[in-house]
Structures are given as C-alpha cells and as structure tokens.
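Everything on this sheet refers to the single structure shown next.
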Amino acid sequence: MNKRKNKIDNSFSKVPSKTKNNLSMSRRSGIKIMASLILLLDSLVYIMILAIINGSAGFVCAMGVMVFGAVACAKAVGETIAMSYGVIVCLAIFCGVLRGILRYFEQYSNHFIAFKLLAVLRDKIFFALRTLFPAKLENKQKGSIIAMITSDIETLEVFYAHTISPICIAAIVSVAVVIFVSIVSNVFLALTALIGYLTIGVIIPIISSSKLKISGVKYRSEFAKFNAYFLDSIKGIKEIVINNAGENRKQEVNHRSDLLLKETKNMKHKISLSNAVTEMAVSLFIVLALITGIILVYFEMLTIGKMIIGLVTIFSSFGPVIALSALTGNLTQTLASGDRLLNLLNEEPVVKQITNGSNIKYESLKVENLSFSYDGQAEILKNINIAITNGKIVGIIGKSGCGKSTFLKLLLRFWQKDNGKIAYNNIDIDKINTFNLHENVTMVSQNTYLFDESIEDNLRLAKPLATKEEIEEACRMASVHDFIKTLPNGYKTQVGSLGNNLSAGEKQRIGLARAFLRGSKLILLDEPTSNVDSINEGIILKALIEQKSKKSIILVSHRESTMAIADYVYIMEDGKLREGNV
C-alpha cells in the first residue's frame, strides 16, 4: 500500500508543475508572462502611467542639459539661434532641476506600485494555497513554496519597479529623439539613431533573452530545490545529530550548493557577455552617427551647427535603450519567477470550495457505499458504510496505510469522493458550504502543529475571540490546564519553533484543547496517541470519555489500547470497513 501511495503521490506531484519535463524552457513566452503580470496591476495602472510620464519627461530634461549646451555651441559656430546665451543657460539649469524632481516622482511611483502590489501578490498566493489545500499541496515541497513567497516575490519587485517603466520610457524617448533629430537636424541622422535603438533595445535583448532563458529557469529551479533541502535539514537537525548523519548531510548541502553556484556562474557569464555586446554596439552606433554627420556636412546636406545639435541629442539618448538591454539578466529571472507564480495562481484545485450550498448544524453522519482512489485506478477505499450517532465514540482500527486517514480527510472533503454518499443531516457533503462544514467538523491530526507563538495564541487559532474562561475550560476538558499553569508564563508561554519546547503528548493535548475550543459537534481524531507514552495516552483517552456525551467522536488508531474507550469499533482492511471487536 505504501509503495502504491508513493507512486500515486509522485504522479500527482508531476501534474501541476511538470518541472522535470520543462527545465529547459518556461511554460509561457516572455511576452505572455509580462502581459499577465501587468494585468495584476489593476487599479494601480494609473500610477504606473504617471511613473512612465515622469520618467520620460525626466530623461528628456536630462538630455535637455546636453542639448542646450549643443545649441550654445551651434550658436557659437554661426548657426542662427533665436535664443540668447543667457536664455540657453537658464533653460539648461531649469532642465537639470526639473530632471531631479521628475526622477523623484518616477521612483516614488514605481516603488509605491511595487510594494503595494507585492502585498497583493502575497495575499493572492496565500489564498491560492488555501484553495489548493490539501489535495494539491500534500506533495509540494514546503521550501519551494517558501522560496516563491519570499525570493520569487522579491524578484517581481524588480519587474514592477525597474522593468515596466524603463521599457516604456525607452520607447517614448527613442521616438521623441528620432522626430526631434529629423526636424532639427537631418532625417538620415535620425534614421541612423533609429537603427541603433532597434539594435540595442530590441534585437540584442531578444537574442540575449533566448540564450538566458534556459539558464534563468534552471537557476530558479535549483534555487527552489536548495531552499527546500536546506529548510528540511534545519527542521530535522536533531535527527541528523542523533544519527551522526551530519557529514553526509553536509556533503549533500555542499553538492546542491555547487549546482546552484554552477547555474549562477553560467547565468552571470551570459549576462556579462550580453552587457559587453551592448556597450560595443553603443560605441559602434555613436561612431556611425558621427560618420553620418560628417558625410552630411561634407555633401552640404547639413550645417555644422545642426550636426552638433543632432549628434549631441543622439549621443545623450542611448541611456534608456542601454537600460533596456541591461534588463535581460534580471528579466530572465523575473520571467522564471513570474511563471512559477502564475502557475500557482492558475492551478485548478482538485476540490473546489462550495459557497452556494446549504448550511447545517451537525446532528448525524451517514456514509454509504463510499469508494475512493487517488489516481482513478487503485481503490484506497471500497464501499465504506458507517453511521455515527450523537454522544458516542466510534473507533476505527487498522494497520498503517490501510486508508484510515484518507477516510477522515474525505469526511472533511479534503479530497473529492469517487462514488457513494457522505451525508450530514441527510445532506450530501458536496452540497454543504465548505466554511460551514469546517465549523461543524474538526480534525486533530497525528502531528499537531503549533506556531512559534504563545500557547494562548495557538489556542485562539480555533476561536480568535475566545474569552480567557473559554480557553481555560477547553484546556481542562483536554486535561492540559494544570500542566500549562505550571509553566513560568502560563498561557503566555512561547511554544518555540515547531513546538520544540513541548513534548509530543503536551502538543497533542493542546491540539485536542484547540478542537474543544472550536466547539464543533463532530471531532475526528487521527492517531491521537501514536506519538505519546502510555501515561499521556491515558490522559488523552480520559479527556475524550468525559466529553463524549457532548460530541460525536471518530477515533482512528492502529493501537488496540486506544480502542478501549470506543462504543463501537470498526476494522479497516484492504480499504474495506467491517464491524469488529478488539
């Protein structure tokens, strides 16, 4: 069964990501990724437009300082200029001051959008994770998800703050320069500039991007893998030390680090080569423009004064297209990060939440002919039939991997049943609102997760507005109140990262208290005593006996001793459920 489950899990993990088959390329084209990311701007698009206008006007002002200097030189060599030198100097100074002001507002607008949108993206990611839970998250590496929430999101900050505006600014400024040079100087000089802009700002970035595309995807993939492995190593540091596995783990960390470093170097090398080609192209087109100007003057198609103005305008205008070409390296990573983010946001959940169904107040549960398989072929559960009555503890016993935990997850609709019926109050589970279902049914898993917060905060997860009295009463019901009072800070005691300050039994009882505090009438307990000793097992079972008159409890375990408190016992074997005695 375990081998079959692993095989099934592996097949599920391949479906959403297709990572192994798509390391060589992004699943979307760069244009599609950028378009999708821009659409996420929504109402912030007006601020982005303002940033582009400020940026374009700001760069024109920066050029204006140089251009007005050229105008003064042209006037000095005899060109007819209506403005006096004083006016020209004043305009140059004005352009310099205005450039600083416009630059400030451009950067402020870009970063406002970036940080505002990053908060929105994180919210979207958490919502997506919540929607995909648990069916499509059970096989996702937690480190990879953390990498997406942290590094991938931060990479996208560069896109919104330093990519969209430069692209638009480069296009606007280039068109403006071509028109200005055509009118003021000469159309052939403007044509030379246009060819330079297209080469540096379009052709070179496209070629560089195609060469960097594979490197960018591989880098993000290796980064996510390293993150996942390293996080896993930190979480399991105690087991690593106990088993003297530190050296092997260290070697593997170093190996994965070397792979990441290799991809980093490969990508940096290609970025450096792209930058070198860009700088060389700029130099060549500056020389080409100069030669074109000299030829035009030689054939008396252009005066020296107008040539100076035209050339200085062109020479000072390459900044935006150089910045555009330099985006290639960062843009490659951005597109890889954006692709991963869009994959998650667009991923369809296996089980969709129900929002237009019925609301219930739990009274009864009846399961009829329930069947389920993870892959549509190998059935994990086969024709399950069971009825749960109020005030009773129903025990389900069976070997590990026989389908007990899967059955409980189906009762919460974590997975979509294949056949049969799960009915609460005679209403099929597929017609009950998801939020309402989770209000009526609570599950305590085999390994209770406690956040690195106080015990009180961990308990309030079940009921945020619970009073102190309600919290203490729930803990008394779970036989953990007296223990908490012995702690130095009582309910304010920090549980530590991963709950390391508490024993397995203490964490399990706090998890039980959390379930009692929530107030659900049906509690599902998945191996609640598997990680505790006989003393803690007795405490937990005693707490359950005391509460059974108020609630319905389904108790799943592979321990026969746990079944001692059950009113009815069912045995699960090979995916089938039958009544039995322990």
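Here are the numbers for the structure shown:
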{"item": "Sequence-distant aspartates and glutamates (8 or more away, or on other chains) whose Cα lies within less than 20 Å of residue 492", "result": "452, 453, 456, 457, 469, 470, 472, 473, 482, 506"}
{"item": "Pair residue 230, residue 347: separation of 7 Å Cα→Cβ label points (nm)", "result": "2.2"}
{"item": "Cβ-Cβ FRET estimate between residue 80 and residue 280, R0 fixed at 30 Å, reported to 0.05", "result": "0.20"}
{"item": "For the range 31-111: rounded, prolate or oblate by the Cα gyration tensor [a/c cutoff 1.5]", "result": "prolate"}
{"item": "Efficiency of FRET from Cβ geometry, residue 207 and residue 258, R₀ 25 Å, rounded to 0.05", "result": "0.30"}
{"item": "Pairwise FRET efficiency - residue 66 versus residue 183, Cβ, R0 = 22 Å, nearest 0.05", "result": "0.80"}
{"item": "Exposure rank, largest accessible area first [255, 481; 1.4 Å]", "result": "255, 481"}
{"item": "Estimated vicinal HN-Hα couplings, Hz - the range 225-230 in sequence order (Karplus 6.51, -1.76, 1.60; Gly, Pro = x)", "result": "5, 4, 4, 5, 5, 5"}
{"item": "Gyration tensor verdict on the range 324-380 (Cα atoms; rounded if a/c is under 1.5, prolate if a/b is larger than b/c, oblate otherwise)", "result": "oblate"}
{"item": "Derived scalar couplings ³J(HN,Hα) [the range 312-324; Karplus, 6.51 cos²θ - 1.76 cosθ + 1.60; whole Hz; x for Gly, Pro]", "result": "4, 4, 5, 4, 8, 9, 7, x, x, 6, 5, 4, 5"}
{"item": "Alpha-carbon centroid distance for the pair the range 288-315 / the range 325-355, whole angstrom", "result": "48"}
{"item": "Estimated dipole of the range 333-390 in Debye, rounded to 20 [Cβ of Lys and Arg +1, of Asp and Glu -1, Cα centre]", "result": "200"}
{"item": "Extension reserve of the residue 454-residue 392 stretch, reckoned as 0.36 nm per residue once the Cα distance is removed", "result": "19.0 nm"}
{"item": "Amide H within-cut-off set for residue 396, under 5 Å, with H built and near neighbours excluded", "result": "555, 556, 557, 570"}
{"item": "Estimated distance in nm for a label pair at residue 35 and residue 560, the labels positioned 7 Å out from Cα along Cα-to-Cβ", "result": "6.6"}
{"item": "Given charges at beta-carbon only (K, R positive; D, E negative), |dipole| of the chain in Debye", "result": "820"}
{"item": "Of (i) 258; (ii) 232; (iii) 193, the label for volume of the Cα convex hull per residue in Å³ derived from the coordinates", "result": "(iii)"}
{"item": "Euclidean distance between Cα centres, the range 541-565 to the range 170-190, Å", "result": "82"}
{"item": "Of all DSSP beta bridges in the chain, antiparallel share, percent nearest 5", "result": "50"}
{"item": "Accessible area (Å², 1.4 Å probe, nearest 10) - residue 103", "result": "100"}
{"item": "The range 157-203 shape via C-alpha gyration tensor axes, a/c threshold 1.5", "result": "oblate"}
{"item": "Residues listed by number, the range 25-60, amide nitrogen under 20 Å from residue 105 label point at 7 Å toward C-beta", "result": "44-60"}
{"item": "Rounded to whole Hz, the Karplus (6.51, -1.76, 1.60) HN-Hα couplings of the range 264-281, x for glycine and proline", "result": "5, 4, 4, 5, 4, 4, 5, 5, 4, 5, 5, 5, 5, 4, 4, 4, 5, 5"}
{"item": "Accessible area in the full protein assembly, largest first, 1.4 Å probe, for 570, 298", "result": "298, 570"}
{"item": "Partnerless cysteines, meaning none of the other Cys C-beta atoms lie under 4.7 Å away, in the chain", "result": "73, 90, 168, 402, 475"}
{"item": "Nearest-ten-degree value, helix 45-76 long axis tilted from longest Cα axis of the chain", "result": "20"}
{"item": "Between 0 and 90°, nearest 10: helix 85-132 axis offset from the chain longest Cα axis", "result": "20"}
{"item": "Inter-site label distance for residue 265 and residue 124 at 7 Å from Cα along Cβ, in nm", "result": "3.7"}
{"item": "Gain on full stretching of the segment that runs from residue 245 to residue 43 - 0.36 nm per residue minus C-alpha separation", "result": "67.4 nm"}
{"item": "Extreme residue, positive dipole direction of the chain, given options 205, 549, 290 (C-beta unit charges)", "result": "549"}
{"item": "Amide proton proximity set for residue 384, modelled H, under 5 Å, gap of 5+", "result": "369, 370, 371"}
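The values are calculated or read from the model by the stated rules, or taken from the named source; none is laboratory data. Keep in mind it's a predicted model, so treat the numbers as computed, not measured. Neighbour counts run over all protein chains shown; Cβ positions are idealised from the backbone, glycine included. Accessible surface is based on the protein model in full, side chains and every heavy atom, while ligands, DNA and RNA are left aside. Shrake-Rupley method; radii C 1.70, N 1.55, O 1.52, S 1.80 Å.
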